[in-house]
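Derivation of every value follows stated rules applied to the coordinates shown; laboratory data play no part. As the structure is a prediction and not an experimental result, all values here were calculated from the model. Note: ideal-geometry Cβ built from the backbone for every residue, glycine included; neighbour counts use all protein chains shown.
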């Protein structure tokens, strides 16, 4: 897999995504939010040893690109990175890496790079050197500019992660979450969108009534969510870049739990209508027409589309306690999917459609469970007492969820194999209900 | 951005205390007079804060919302406990005697469990209160339900003392 070709230009897709992000930053409705801090709480002893050397040509830029890459890779738990003060040399090109020195430090890989000015624009050039073989594993050049350096760093981390682990990275994604701020007696619910590392946090909606259940559209441009701003629940779809929003369902009773179909054309949601009984419906977004999925006196809620978009998974307590059921969009009877444990709720399907994350009750606590759909087997991934609202990373490697720590709402992640866990703290208030964007 | 309604609340203490078999930890003693309503208002509902928040709320809507009664529930239950029979009967009488009176039944759960499922549990509690009121003479048109799930706790703690306060249906004046 050694790449001996000269630097490749990045794909159009990358350039496009950069433009989209810039548009988002310019949105007039958003304002800055205090960032989140991320800490690894459970790591791998077998992590890959890697060192990211400070990049040349940083100039006056406030963004330390190498530090962004280092933090991303370290936070994944798959890599153990070498502190700068322990680095034996500071090369900025593959040719000047003295592999013997790095081998002595038991480094598997060394990342070097530089920022190169190209007229008005910048290029982030970087190389990954295998310090065992001396071979250049990856060489890349990402066009960027001074205001997109963090994103360029996240993209570099994605490429490094994929080259070494064979799985796409998800660092250049975004997260949405609900932040509760203000005194208990004067709460504000804020819908926040941030980079995957918690930076660049922007409030896109601020309300004195609850905001719930944000869900990204498959193209990553819009968020569906529930807002009680009219003192009753309603489902909205908001374009993140422009702030333009539509109330897509404001019927009598409950309007809740929106979930996008994989092609983005439909929303599954929960309606109670006048009789107060919660059932699952599927709305065609273009026509706003509704198709009823379930009709059961139990609570049916928290729908989630299957990977092929042909079925919906949902929570129902028709058996007495909440469990996950599956129903085809073509109709027919709902089939129960979870049997282990007395409480399984809020399913989110894995990217490959073979597994799902759920909220499961274990002991006295609510934890994140991972269900293998073929066998029905459930593994408990998290260790908290109130771990809810799972959202799966678009590369399928991690689950982000809401947790409670010392009375505060925090976000946390756990890898889908349970080996790596992180905690994401807000500097103020409670954060909850994370939604991980698709790959952008 | 937000066009959310801000509502100033005044709690009807008599109804509240009559409706609660155990004195809630967040409801101060009645001897404190006027401050009680404000404290209960903010502790229980959290619509508005001190100073600016209250003034703004009044200016925005000019209306007040009155909690007529609060009915508390056991864990994972929407069964109305016998001790609330008199509260239900009194509210139903009030509704039957004046058909212009409307009540909004706001269902709540404690913080545990999945957020949207809790919306369902809160609605189930609100519906249970609605059925009880209908049986005792209220009209369908007088009653509206809403569920806030675990979003609007009344007590701030993370223990059973708080949870038992938070599992509730608030009977609020007005249809919305």
Check: Is region A:296-314 home to any residue that is within 14 Å of chain B (Cβ to nearest Cβ) and without any contact (Cβ under 8 Å) to a residue 12 or more places away in the chain?
Finding: no
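Yes/no per residue for (1) at the interface with another protein chain (Cβ under 9 Å from one of its Cβ atoms); (2) touching a strand residue (DSSP E or B) at 6+ places or on another chain (Cβ under 7 Å); (3) surrounded by fewer than 24 Cβ atoms within 10 Å (Cβ to Cβ):
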{"site": "B:103", "(1), (2), (3)": "no, yes, no"}
{"site": "B:115", "(1), (2), (3)": "yes, yes, no"}
{"site": "B:118", "(1), (2), (3)": "no, yes, no"}
{"site": "B:128", "(1), (2), (3)": "no, no, yes"}
{"site": "B:143", "(1), (2), (3)": "no, yes, yes"}
Checklist line | Matching strands (runs of 3 or more DSSP E) fully within region A:388-440 where at least 2 residues are within 14 Å of chain B (Cβ to nearest Cβ) and buried (at least 19 other Cβ atoms within 10 Å of the Cβ) | finding: A:388-392, A:398-405, A:408-415, A:430-436
Item checked: Selection from region A:341-361 of residues that are under 15 Å from residue A:414 (Cβ atoms) and more than 13 Å from chain B (Cβ to nearest Cβ) -> A:350, A:355, A:356
